[in-house]
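Step one of this worksheet: look at the structure below.
The values are calculated or read from the model by the stated rules, or taken from the named source; none is laboratory data. All values reported here derive from a predicted model rather than from experimental measurement. Reconstructed Cβ throughout: ideal geometry from the backbone, glycine too, with neighbour counts over all protein chains shown.
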Amino acid sequence: MDTQQTDPQSAFACNLGAIATGERDEHVARAERVFAKVIETQELPTGYAFRLPLDTPTLIEVAQWIANERLCCPFFTFTLVVNAQLWIELTGAEAAKEELIAMAKSIGATGSVPDKETWIAAHTQVDSAN
């Protein structure tokens with residue numbers, strides 16, 4: 001068993017390099033589609049909760065977004081709450097909450113990343129061992 005632990009405060013920056021090159025543009029587009037559907041936002045002690053329409057296409061798209069987002073932002077905890085409503089909760093340490101605020105600001109009120117290529121490049125670190 002590995003007893004070495006990673007400091008959860010050490011790396012709080014999104015790294016799209018963790019997502020396969022051919023999937024990055026679609027991942028950003030999917031994030032735009034998901035967050036454009038947000039009906040309500042609630043601040044949580046360690047993050048935010050976003051209410052979305054409860055329909056099958058939205059639920060599938062959220063699950064697909066989480067599948068890749070967990071790779072580039074492993075400092076987030078993703079919680080889906082599905083009952084009479086659909087909520088996605090993004091939580092983590094205080095620095096993770098700050099990264100979430102920065103990410104939301106980069107998407108902006110339009111629900112779109114203004115310059116996708118620049119944003120993707122700025123958030124992509126490629127492991128030199130690969």
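A few notes on this one:
- Listed by position, the helices (runs of 4 or more DSSP H) inside segment 15-130 whose residues that are surrounded by fewer than 13 Cβ atoms within 10 Å (Cβ to Cβ) and modelled with pLDDT under 85 number at least 3 are 94-107, 116-122.
- Residues being closer than 19 Å to CYS14 by Cα and among the hydroxyl-bearing types (Ser, Thr, Tyr) - total across segment 27-76: 2
- Close Cβ contacts (under 6 Å, 6 or more residues apart or on different chains) running from residues in segment 59-84 that are of a type in the set (Ser, Thr, Tyr) to residues that are surrounded by 14 or more Cβ atoms within 10 Å (Cβ to Cβ) and not in a strand (DSSP E or B) comprise THR77/GLY92.
- Single residue of segment 45-59 satisfying the filter (over 16 Å from the mean Cα position of the chain (by Cα) and not charged (D, E, K, R)) that is nearest to GLU69 (Cα to Cα): PRO57
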